[in-house]
Amino acid sequence: MPPPSRSNNPLLAPWVGPAGGVPPFDRVRVADFKAALEGAMAENLAEVDAIARNPATPTFDNTIAALERSGRQFSRVNAIYSVWSLTMSTADFQAVERDMQPKLAAFSDKISQNVALFARIAAVDAAGENLAPVQRRLCWFYHTNFVRAGAQLDAAAKSRVAEINERLATLFANFSQNLLADEAGHALYLKNEQDLAGLPEPLRAAARSAAAARGHQDEWAILNTRSSMDPFLTYAHRRDLREKVWRTYYSRGDNGDAHDNKKIIAEILVLRAQRARLLGYPTHAHWRVADSMAKTPEAAMSLMMQVWPAAVARVHEEVADMQAIAEHEHPGIKFAAWDYRYYAEKVRKAKYDLDMNEVKPYLQLEKLREGMFWAAGQLYGFSFTQVSGFPVANPDVRVWQVTNSAYDHVGFWYFDPYARPGKNSGAWMSEYRGQEKLDGDVAPIVSNNTNFVKDESAGPLLISWDDAVTLFHEFGHALHGLNSDVKYPSLAGTNVVRDFVEFPSQLNENWLSTPEVLSRFAVHYQTGKPIPPALVAKIKKASSFNQGFATVEYLASALVDMKLHLAADQPIDAAEFERSTLAALGMPAQMVMRHRTPQFAHIFSSDSYSAGYYSYLWAEVLDHDAFEAFTEAGGPYDKAVAKRLHDDIMMVGNGVDPGEAYRNFRGADPKIDGLLRARGFAPQPRQVQANQVQAE
């Protein structure tokens with residue numbers, strides 16, 4: 001079947017508009033995706049075949065650089081397809097996705113299993129001593145990825161790997177669509193004011209708007225997403241309703257119905273184990289971690305188990321504090337998981353005289369966005385100017401042009417902040433176009449996506465402190481992409497190993513709590529006055545509060561992820577494995593994993609984070625160690641340290657080995673001490689603490 005003509009499929013046309021063009025979201029129809037993907041794949045395969053069949057002696061230019069120039073059309077189509085998958089996943093699109101995901105997997109395998117192409121890559125890689133360091137790095141990148149995909153296998157093994165990849169692609173799509181269905185299909189509708197007891201007014205307004213948007217006038221909706229669940233469990237007085245919301249949220253994908261994910265998980269795990277063995281690795285975990293900073297699952301497990309005992313011990317302390325308050329209010333109460341957030345707030349108030357409801361009026365979404373821009377300007381010289389008239393996937397999406405201190409164009413930043421039907425829950429960064437300089441400057445286009453419940457009232461949207469941290473985190477990914485200054489597209493921006501890619505994002509969280517940001521942008525939504533220094537001091541004093549909960553819920557997920565993928569190909573009952581693994585680890589009874597197995601999209605909607613959820617902790621070691629470079633110098637905005645951060649980390653992409661890049665920045669390998677101090681699991685050194693106070 002010949003590819004459709006460019007004239008009648010907007011997805012296949014080059015992007016038009018300013019700075020090299022922008023995605024034509026306004027012209028996209030779901031009906032265009034199948035033909036566009038098939039046409040773009042066919043074109044890319046023809047390009048690759050021409051490279052593989054080139055009779056000339058393999059060189060960097062005619063093989064590696066030629067591969068870098070191939071697939072331009074496919075990249076454009078796939079970028080828009082990914083946006084629809086993540087943010088516009090309607091029933092008609094899901095049908096396309098179920099059809100196309102295995103075809104996309106097969107397309108990838110046709111490239112990585114091309115014998116003639118791999119022979120040329122191997123020849124260039126072997127003869128690369130006369131190449132520039134970044135070119136040698138790119139040769140290594142291609143050779144390593146092709147070998148890891150099975151390029152050196154025999155024909156039968158290659159065929160089986162391809163079969164597994166196609167089946168996994170289907171299972172990933174089914175898992176994601178089941179999870180989305182459980183999130184969209186369940187909401188708690190409240191009809192009486194009494195049911196809202198304890199909820200601050202901004203949460204009530206958001207719940208009322210959510211209900212109205214779903215046709216429930218004069219009611220309040222608690223949606224089955226984290227951004228709706230979390231504050232309800234924190235503030236709602238009605239314990240029975242807290243339990244109902246908790247059970248509904250943590251049973252997503254685990255209801256024994258058409259959207260249950262447990263059988264999908266079992267099949268995914270078996271297929272991953274079989275593929276790993278074919279590729280020469282004992283388990284999927286070994287295959288996934290081999291090219292990371294950790295290198296081995298044992299190294300990742302070692303880091304996690306250095307932190308786990310202290311975190312569990314802290315949870316028991318936190319539970320004792322909360323149990324005392326709960327027992328006083330309700331003698332004989334059996335403290336449960338749906339009580340944790342609620343009583344944690346009471347302990348915070350008692351121990352630190354800090355009520356996070358006092359903080360929220362100062363956390364306006366749009367003001368914090370301005371604060372992110374300001375901090376990025378101080379660190380990297382960026383300016384952000386909102387632009388209009390750009391095609392967007394949804395009317396809620398807005399666009400900013402990013403320029404540097406010389407007023408040169410850097411890229412575009414898209415912001416999609418609100419929850420809606422068909423949009424994945426959570427928060428993430430997407431890259432519509434990566435930066436490169438192969439044939440002239442190509443500027444990046446990135447987006448940040450969150451799921452705040454839109455308040456249709458006239459007032460500004462207020463968010464929690466945790467949501468503000470997440471906002472800065474995801475913006476850190478965007479800054480990583482925007483700062484990229486690399487020649488070759490495969491090495492640009494966030495195209496780095498999983499346990500390093502989270503480092504710039506987690507590092508960026510630190511600037512939220514700097515007094516420079518808080519005094520300018522954490523301003524009261526009614527009075528416009530900045531957050532009082534006394535309230536900021538309380539926030540800082542309580543910064544390690546509830547870290548047992550935060551650490552254990554995360555680490556439980558990361559440990560289960562790794563252990564699932566170290567289990568080889570033994571049949572696994574997801575529910576039983578989760579229960580037995582957590583019991584063996586000593587998981588506190590009052591807690592649950594942050595992502596229970598049947599809803600663990602990080603590891604079951606793709607291979608991306610599989611056996612890699614530990615990456616957040618690994619990156620947090622880098623993050624705290626790196627931020628101490630600022631606090632040991634002139635403070636969070638020290639120009640010399642910021643320049644090193646830009647030059648050694650943010651601009652180099654994958655052009656430098658991540659470990660080497662970090663040592664270039666810090667002068668040494670990272671130490672775990674900063675992480676333990678930040679979480680309150682280790683004493684604060686007097687000198688560093690003094691510097692921090694001075695900087696604050």
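The values are calculated or read from the model by the stated rules, or taken from the named source; none is laboratory data. On a predicted model such as this, the values are computed, not experimentally measured, just so you know. Backbone-built Cβ (ideal geometry, glycine too); neighbour counts: all protein chains shown. Keep in mind that these areas ignore ligands, DNA and RNA; they rest on the heavy atoms of the full protein, side chains included. Shrake-Rupley method; radii C 1.70, N 1.55, O 1.52, S 1.80 Å.
If you go through the range 506-534, how many residues are of a type outside the set (Gly, Ala, Ser), within 25 Å of GLY476 (Cβ to Cβ) and out of contact with any strand residue (DSSP E or B) (no Cβ under 9 Å at 6 or more places or on another chain)?
Of the residues in the range 506-534, 11 are of a type outside the set (Gly, Ala, Ser), within 25 Å of GLY476 (Cβ to Cβ) and out of contact with any strand residue (DSSP E or B) (no Cβ under 9 Å at 6 or more places or on another chain).
Could you list, in sequence order, the residues of the range 388-399 that are more than 19 Å from PRO10 (Cβ to Cβ) and in contact (Cβ under 8 Å) with a residue 24 or more places away in the chain?
Correct list: ASP396 only.
Filtering the range 524-533 down to residues that are open to solvent by less than 70 Å² (accessible area, probe 1.4 Å) and either hydrophobic (A, V, I, L, M, F, W, C) or farther than 19 Å from LYS349 by Cβ (or both), which residue is farthest from the chain's Cα centre (by Cα)?
GLY528
Could you grab me the full set of residues in the range 492-518 that are among the polar types (S, T, N, Q), open to solvent by 10 Å² or more (accessible area, probe 1.4 Å) and over 18 Å from MET651 (Cβ atoms)?
GLN506, ASN510, SER513
For SER159, state whether it is under 30 Å from SER85 (Cβ atoms), out of contact with any Ser or Thr (no Cβ under 8 Å at 6 or more places or on another chain) and open to solvent by 30 Å² or more (accessible area, probe 1.4 Å). Spell out the reasoning first.
Details: under 30 Å from SER85 (Cβ atoms): yes; out of contact with any Ser or Thr (no Cβ under 8 Å at 6 or more places or on another chain): yes; open to solvent by 30 Å² or more (accessible area, probe 1.4 Å): yes.
So SER159 passes the test.
For the range 629-650, how many residues are in contact (Cβ under 8 Å) with a residue 60 or more places away in the chain and open to solvent by less than 50 Å² (accessible area, probe 1.4 Å)?
9
For the range 608-622, state whether one or more residues are over 19 Å from HIS473 (Cα atoms) and within 14 Å of the chain's Cα centre (by Cα).
yes
Going by what's in this entry, would ASP125 be described as in contact with a Cys (Cβ under 8 Å, 6 or more places away or on another chain) and among the charged types (D, E, K, R)?
Criteria met by ASP125.
Any residue in the range 254-280 that's closer than 14 Å to ASN165 by Cβ: show its pairings with residues that are open to solvent by less than 30 Å² (accessible area, probe 1.4 Å) and among the basic types (Lys, Arg) at Cβ separation under 7 Å, as long as the two are six or more apart or on different chains.
So the pair list comes out as LEU279/ARG148.
Given the residues LEU438, LEU379, LEU462, which is the only one that is under 28 Å from ALA640 (Cα atoms) and touching a residue at least 60 places away in the same chain (Cβ under 8 Å)?
It is LEU379.
Within the group THR450, THR470, which residue is closer than 24 Å to VAL83 by Cβ and open to solvent by 40 Å² or more (accessible area, probe 1.4 Å)?
After applying the criteria, what remains is THR470.
Among helices (runs of 4 or more DSSP H) lying entirely in the range 311-390, which contain 1 or more residues that are modelled with pLDDT under 95 and open to solvent by less than 60 Å² (accessible area, probe 1.4 Å)?
In the range 311-390, the matching helices (runs of 4 or more DSSP H) lie at 340-352, 356-359.
Looking at (1) in a helix (DSSP H, G or I); (2) farther than 28 Å from ALA344 by Cα; (3) within 25 Å of the chain's Cα centre (by Cα), find the lone condition where ASP260 falls short.
It fails just one condition, (1).
Enumerate the pairs (first residue in the range 570-593 and at positive phi; second residue anywhere and of a type outside the set (Ser, Thr, Tyr) and surrounded by 13 or more Cβ atoms within 10 Å (Cβ to Cβ)) with beta-carbon separation below 7 Å, excluding pairs fewer than 6 apart on the same chain, so at least 6 apart or on different chains.
Cβ pairs passing all conditions: GLY586/VAL312.
Scan the range 231-247 for residues that are within 29 Å of the chain's Cα centre (by Cα) and either closer than 19 Å to ARG596 by Cα or in a helix (DSSP H, G or I) (or both) and report the count.
Start the filter on the range 231-247 by keeping residues that are within 29 Å of the chain's Cα centre (by Cα), which leaves 231-236, 242-247.
From the residues that got through so far, the ones that are either closer than 19 Å to ARG596 by Cα or in a helix (DSSP H, G or I) (or both) too are 231-235, 242-247.
Total satisfying the criteria: 11.
Looking only at the range 595-621, count every residue that is modelled with pLDDT of 95 or more and surrounded by fewer than 19 Cβ atoms within 10 Å (Cβ to Cβ) and tell me the total.
Residues meeting the conditions: 1.
Every residue, every condition in (1) among the acidic types (Asp, Glu); (2) within 19 Å of the chain's Cα centre (by Cα); (3) over 17 Å from ARG369 (Cα atoms), yes or no:
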{"site": "THR385", "(1), (2), (3)": "no, no, no"}
{"site": "ASN394", "(1), (2), (3)": "no, no, yes"}
{"site": "TRP400", "(1), (2), (3)": "no, no, no"}
{"site": "ASN404", "(1), (2), (3)": "no, no, yes"}
{"site": "PHE412", "(1), (2), (3)": "no, no, no"}
{"site": "TRP428", "(1), (2), (3)": "no, yes, no"}
{"site": "GLY434", "(1), (2), (3)": "no, yes, yes"}
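Give the residues of the range 179-188 that are more than 20 Å from the chain's Cα centre (by Cα) and open to solvent by less than 70 Å² (accessible area, probe 1.4 Å), sorted by residue number.
Matches in the range 179-188: ALA181, ASP182, GLY185, ALA187, LEU188.
Tell me, which residue of the range 73-107 that is among the β-branched types (Val, Ile, Thr) and open to solvent by 20 Å² or more (accessible area, probe 1.4 Å) is nearest to the chain's Cα centre (by Cα)?
Among those that are among the β-branched types (Val, Ile, Thr) and open to solvent by 20 Å² or more (accessible area, probe 1.4 Å), it is THR90.
Kindly state which helices (runs of 4 or more DSSP H) lie completely within the range 20-130 and contain at least 3 residues that are closer than 30 Å to PHE415 by Cβ and in contact (Cβ under 8 Å) with a residue 12 or more places away in the chain.
30-52, 72-87, 91-112
Only residues that are open to solvent by less than 50 Å² (accessible area, probe 1.4 Å) and outside any helix (DSSP H, G or I): list them for the range 534-555, please.
Listed by number, the residues that qualify are ALA542, SER544, PHE545, ASN546.
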